[in-house]
Amino acid sequence: MSQTLTPRTPEQDREALQRLRDAHATLRTELSKVIVGQSDVVDQLLMAIFSRGHCLLVGVPGVAKTLLVSTLARILSLEFKRIQFTPDLMPADITGTEIIQEDPITRQRAFRFIPGPIFANVILADEINRTPPKTQAALLEAMQEHRVTAAGNTYPLHPPFFVLATQNPIEQEGTYPLPEAQLDRFMFMVQVDYPSLEEELEIMRRTTSSLKAEVGALMSAEEIMWLQEFIRDFPVPPHVFDYVLSLVRATRTTEKPDDKLNPQLRQFVKDYVTWGAGPRAGQYLILGAKARAALQGRNFADCSDVAAIATPVLRHRIITNYRAEAAGITPDDVVNRLLELTPKPTAPR
């Protein structure tokens, strides 16, 4: 596949851009047969998939988080596995385990590795905060390195590989909040909100009848990887990198005073933020901006693309303090203030 992944000519670039835009429209149409509304959630999931990122979906029960992920896997014709996280789940239940197996001919016994559900293309980690940290950590190597180590042996995971986790923000008793190091592995934290009045009415109509919507497979794994490589090579002007750098560094209270930083913003962050975003935030802001621009059929990413995805990229990477909690200021409010007080640089003429 290495000979065909990367577009090399302007004609191939235009063809890939058209394919990506058409795929975006077709995927959304196909998903709408099963999922009512949630257009922003769908767009963020597609951006993450084409950027090789992972997503954490946060929402109350019954807003179709699990249905959305499983339907998307069917449409993309990818192998899908669902892992229900529970307090008694062990790391080997995810990664796999070695068993002693006897050869029927020689009668010799040997260890054989039995792969766990992590060996799939799309992993739904359902209610990931309901299992202890030891089991949550079993996903870390797979998410970052795309491989699993068991009993001293390393097993690669076949691309494409995505972890789409869900989390219930209401139930806190008997849960284990994800540590910051693992949260940082997720490209987006996607907020799945309640449906609108019209959407909820349509949900009731669809789900209380005998009619079942059928979706078809639209893309192969090879095509997804080809388009992922195209996203990696998508052009980003230098002033967009400067804008991303300004946003990310403005979240950190440990940064030295910068004359370019708005004094009002600097004081706001100092008052309400304990820890800011790390380098992965900048990487994902650039990749997400590339994916958003490409999915919309534009030729390069700009600052508006960065601003559009700043909240899902940064909300789980900004840790607010007790003063923010007392004042009712959330990480989303911090991101909104960042976008409001950080000027967008213009492209040089």
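We did not get these values from a lab; they are worked out from the coordinates using the rules stated. Computed from a predicted model, the values in this text were never measured in an experiment. Positions of Cβ are generated from backbone atoms using ideal geometry, with glycine treated the same way; all protein chains shown enter the neighbour counts.
Applying the Karplus parametrisation 6.51 cos²θ - 1.76 cosθ + 1.60 with θ = phi - 60° to the phi angles of region 134-145, what ³J(HN,Hα) value in whole Hz is obtained for each residue in order, glycine and proline being reported as x?
4, 7, 4, 5, 5, 7, 4, 5, 5, 5, 8, 9
If you line up the long axis of helix 39-50 against the longest principal axis of the chain, both from Cα atoms, how many degrees apart are they, to the nearest 10?
Taking the Cα atoms of the chain, the angle to 39-50 is about 70 degrees.
For Val41, Val36, what ranking results if the residue with the fewest other Cβ atoms within 10 Å of its Cβ goes first? Present the calculation step by step, with values, prior to reporting the outcome.
Working: Val41 23, Val36 20.
Ascending Cβ contact count within 10 Å gives the list Val36, Val41.
Where does each of Lys81, Lys134 land when they are ranked from fewest to most other beta-carbon atoms within 10 angstrom?
Fewest-to-most Cβ neighbours within 10 Å comes out as Lys134, Lys81.
What FRET efficiency, computed as 1/(1 + (r/R0)^6) with R0 = 22 Å and r the Cβ-Cβ distance, is obtained for Asp40 and Arg252, rounded to the nearest 0.05? Could the numbers behind the result be given before it?
On the way: r = 28 Å, r/R0 = 1.25.
It comes to 0.20.
State the extension gain, in nm to one decimal, for the chain segment bounded by Asp103 and Thr86, taking 0.36 nm per residue of separation less the distance between their alpha-carbons.
On the way: separation 17, 0.36 × 17 = 6.12 nm, distance 3.52 nm.
The span from Asp103 to Thr86 would gain 2.6 nm if fully extended.
On full extension of the chain, what length is gained from Ala181 through Leu211, given 0.36 nm per residue of separation minus the C-alpha to C-alpha distance? Don't jump to the answer; show the numbers that get you there.
On the way: separation 30, 0.36 × 30 = 10.80 nm, distance 4.39 nm.
Computed gain between Ala181 and Leu211 is 6.4 nm.
Using a 10 Å cut-off around each Cβ, can you sort Thr106, Thr86 from fewest to most neighbouring Cβ atoms?
Thr106, Thr86
Give me the extension gain from Leu339 to Leu201: residue separation times 0.36 nm, minus the current Cα-Cα distance, reported in nm with one decimal.
On the way: separation 138, 0.36 × 138 = 49.68 nm, distance 3.49 nm.
Gain on stretching Leu339 to Leu201: 46.2 nm.
DSSP loop GluC sites (Glu not before Pro) in region 158-246 with at most 16 other Cβ atoms within 10 Å of their Cβ, which ones?
Values: sites: Glu171, Glu173, Glu180, Glu198, Glu199, Glu200, Glu202, Glu214, Glu222, Glu223, Glu229; in loops: Glu171, Glu173, Glu214.
Within region 158-246, the qualifying GluC sites (Glu not before Pro) (loop, at most 16 other Cβ atoms within 10 Å) are Glu171, Glu173, Glu214.
When you take every Cα atom in region 10-228, what is the radius of gyration, and what is Dmax, the widest Cα pair distance, in Å?
Values for region 10-228 (Cα only, Rg and Dmax): 19.4, 67 Å.
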